[in-house]
Structure formats: C-alpha cells, structure tokens
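The values are calculated or read from the model by the stated rules, or taken from the named source; none is laboratory data. Given the structure is predicted, the values throughout are model-derived calculations rather than measurements. Cβ placement follows ideal geometry from the backbone for every residue including glycine, while neighbour counts extend to all protein chains displayed. Just so you know, the surface numbers come from the protein's heavy atoms only, side chains and all, with ligands and any DNA or RNA stripped out. Shrake-Rupley method; radii C 1.70, N 1.55, O 1.52, S 1.80 Å.
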Amino acid sequence: MEKNQEMALTQMRKSVEKLGSSTEGYGNPTLMRFLIARSMDQDKAAKMFVQWQNWRAAIVPNGVISESEIQDELEPRKVYLQGLSKDKYPVMIVKASKHFPSKDNVQFKKFVVHLLDKTIASSFKGREIGNEKLIGILDLQNIGYKNIDARGLITGFQFLQAYYPERLAKCFILHMPRFFVSVWRMVSRFLEKATLEKIVIVTNEDERQDFIKEVGEEVLPEEYGGRAKLVAIQDVVLAH
C-alpha cells in the first residue's frame, strides 16, 4: 500500500475515534472505500463511516435482515442473483415490470438492504475482504405507468451512495421506454457524478454486445443473450 494511503487510513481511524466511534474490526479495504468516496478527505470519510455505522445499527440491529421481514417485497420474485461476472462481481437483475411502489416504506428500505447485503455476500471467498463490488441490471421491459417508482429508485441509489460506497462496479439499464426518460432525468438529479459514471443505458446493438461481453454469457440469462437461467434471489443459498 502507498505511503499516502497508509497515512490517510491512520488519520481516518483517529478522526473516527474523535467522533466517538471505533474502526475496530474493520480492515483497510473497508475504510478505503469511504476514503475514495470522499476524495481521500479523512475527516469527511470518518464522518461518512460513523453515519454508516449508526445507520446499520438502526436498520439492521441483528446484522442481517431476514426474509420474513420483507415477505411482501420478495413475493413477486422480481430480483435475481446470477453468480459472478467475468471480473468476479456478483450480478443482480431487477425486473421492473414485476415491481409496484411499496405501501410500506420501512419494509422497502429493508428489502433494498437485504438485496445489497446478499448480493455482496455472494462474492465472498470464505470471508469478506471489504472491497467487493456488484453489477446491477435494471430491466425496464414491459413496464407500465403502474410500475414506475421514482422514489424507490432514488432510495436504492442513495443507499448505494451513502451506505455502500464504492460497492457499485456498474449498473446497466435495459429496454428503457420513451416515457421513462423524463423519470430517469428526475432520478439522475439525486445521483452523484461518481454514481452516474457507472450507469450504462443500453440503447443499441453495439452497447448490447458490450454488455454481454462485460457481464459474461455464463451468468447472463438466455433472454439477455447469455446461457444461464434466471435465479430468484430467495432461491440462492449462500455458503457460510
């Protein structure tokens, strides 16, 4: 590790302690994600880290969100977990046509955390290193106005930005219908530049081929040009 990085990590650990918290039990790769997300500013990274700790303690007091807490969101089987991409990132697919805006905002937030936690955990080789990333695929095929959930989309991306810094490798958006463009413009206003740079809206055949190549045919379902079957996230059993 570079000397500058080591110094930044040491300073960040001290800043976290000044804020009345601790980095004990967290390795350098985890802390580096917060530093990168805050342009290596140790104080800002420390503040973000402590906010993340407090948020986790509040929303996931037991360290994990069980399926029984999010039954309504799991029932439509709208999210799939496909294994690892060519670059060894877990691939999560969301079929927006099976999603409807949630009446229970707390359950929806827990659902988002469950998805992100389980997707990231599916890439561990025995134990977490702390710098694992994921690929998200948002499929907008066959969506109608009843499926549009700008607030849900903003929640998902804001969670990634605030509480899962540097976890998103890429997000591909497929089959965006014309009427969704204005919705996406509005959602985009809530996203940081670093997040927007990782989002690819696939609009033509060249982009589709690049998408298939980057994700890999082994994990992509047949309907997206791959050779795999869709696997609902609740059917994926993680090895402990």
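I'd like to verify a number: residues in segment 55-75 that are in contact (Cβ under 8 Å) with a residue 24 or more places away in the chain and not charged (D, E, K, R), how many?
Qualifying residue count, segment 55-75: 7.
Does Gln82 satisfy being under 19 Å from the mean Cα position of the chain (by Cα) and either among the hydrophobic types (A, V, I, L, M, F, W, C) or not in a loop (DSSP other than H, G, I, E, B) (or both)? Break it down into steps so the answer makes sense when it comes.
Details: under 19 Å from the mean Cα position of the chain (by Cα): yes; either among the hydrophobic types (A, V, I, L, M, F, W, C) or not in a loop (DSSP other than H, G, I, E, B) (or both): yes.
Here the answer is yes, as Gln82 does meet what is asked.
Here's the yes/no breakdown for (1) assigned to a helix (DSSP H, G or I); (2) in contact with a Pro (Cβ under 7 Å, 6 or more places away or on another chain); (3) touching a residue at least 24 places away in the same chain (Cβ under 8 Å); (4) within 30 Å of Arg208 (Cβ to Cβ):
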residue: Lys47; (1), (2), (3), (4): yes, no, yes, no
residue: Trp52; (1), (2), (3), (4): yes, no, yes, no
residue: Val91; (1), (2), (3), (4): no, no, yes, yes
residue: Ser102; (1), (2), (3), (4): no, no, yes, no
residue: Lys109; (1), (2), (3), (4): yes, no, yes, no
residue: Asn131; (1), (2), (3), (4): no, yes, yes, yes
residue: Gln141; (1), (2), (3), (4): no, no, yes, yes
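Is there any pair with a first residue in segment 166-181 that is farther than 30 Å from Met32 by Cα and a second that is at pLDDT 95 or above and open to solvent by 10 Å² or more (accessible area, probe 1.4 Å) whose Cβ atoms are under 6 Å apart and which are 6 or more apart or on different chains, and what are they?
Leu174/Val202; His175/Gln141; Met176/Ile201
If you check Lys125, Lys118, which single one turns out to be open to solvent by 10 Å² or more (accessible area, probe 1.4 Å), touching a residue at least 40 places away in the same chain (Cβ under 8 Å) and of a type outside the set (Phe, Trp, Tyr)? Even if it seems obvious, please write down each step before you answer.
On the way: Lys125 fails: touching a residue at least 40 places away in the same chain (Cβ under 8 Å).
The unique qualifying residue is Lys118.
Please verify whether segment 69-77 includes one or more residues that are part of a helix (DSSP H, G or I), open to solvent by 70 Å² or more (accessible area, probe 1.4 Å) and closer than 29 Å to Leu220 by Cα. If you could, list the steps in order and put the result at the bottom.
Of the residues in segment 69-77, the ones part of a helix (DSSP H, G or I) are 69-74.
Filter once more, so that each one left must be open to solvent by 70 Å² or more (accessible area, probe 1.4 Å): 71-72.
From what's left, closer than 29 Å to Leu220 by Cα: 71-72.
Yes; the residues of segment 69-77 include at least one that is part of a helix (DSSP H, G or I), open to solvent by 70 Å² or more (accessible area, probe 1.4 Å) and closer than 29 Å to Leu220 by Cα.
For segment 28-43, enumerate the residues that are open to solvent by less than 40 Å² (accessible area, probe 1.4 Å) and either closer than 19 Å to Lys18 by Cα or among the polar types (S, T, N, Q) (or both).
Passing the criteria: Thr30, Leu31, Met32, Phe34, Leu35.
Name the one entry in Phe190, Phe180 that is assigned to a helix (DSSP H, G or I) and out of contact with any strand residue (DSSP E or B) (no Cβ under 8 Å at 6 or more places or on another chain).
Of Phe190, Phe180, the one residue that is assigned to a helix (DSSP H, G or I) and out of contact with any strand residue (DSSP E or B) (no Cβ under 8 Å at 6 or more places or on another chain) is Phe180.
Might you check whether a residue that is assigned to a loop (DSSP other than H, G, I, E, B), exposed (fewer than 14 other Cβ atoms within 10 Å of the Cβ), free of Cβ contacts under 8 Å to residues at least 40 places away in the same chain and among the basic types (Lys, Arg) occurs anywhere in segment 4-23? Before you say what the answer is, go through the steps one by one.
Keep residues of segment 4-23 that are assigned to a loop (DSSP other than H, G, I, E, B), which gives 19-23.
After this cut, where a residue has to be exposed (fewer than 14 other Cβ atoms within 10 Å of the Cβ) as well, the list is 20, 22.
From what's left, free of Cβ contacts under 8 Å to residues at least 40 places away in the same chain: 20, 22.
Subsequent filtering for residues that are among the basic types (Lys, Arg) retains none.
No.
Mind counting the residues in segment 195-240 that are part of a helix (DSSP H, G or I), open to solvent by 50 Å² or more (accessible area, probe 1.4 Å) and either touching a helix residue (DSSP H, G or I) at 6+ places or on another chain (Cβ under 7 Å) or not basic (Lys, Arg) (or both)? Please lay out each step first, then the result.
Step one: filter segment 195-240 for residues part of a helix (DSSP H, G or I), giving 195-196, 205-215, 222-224, 233-235.
Filter once more, so that each one left must be open to solvent by 50 Å² or more (accessible area, probe 1.4 Å): 196, 205-210, 213-214, 222-223, 235.
Then drop every residue that is not either touching a helix residue (DSSP H, G or I) at 6+ places or on another chain (Cβ under 7 Å) or not basic (Lys, Arg) (or both), which leaves 196, 205-207, 209-210, 214, 222-223, 235.
The number of residues fulfilling the criteria is 10.
Which one of these is of a type in the set (Gly, Ala, Ser) and buried (at least 21 other Cβ atoms within 10 Å of the Cβ): Gly144, Gly156?
On the way: Gly144 fails: buried (at least 21 other Cβ atoms within 10 Å of the Cβ).
Exactly one of Gly144, Gly156 is of a type in the set (Gly, Ala, Ser) and buried (at least 21 other Cβ atoms within 10 Å of the Cβ), namely Gly156.
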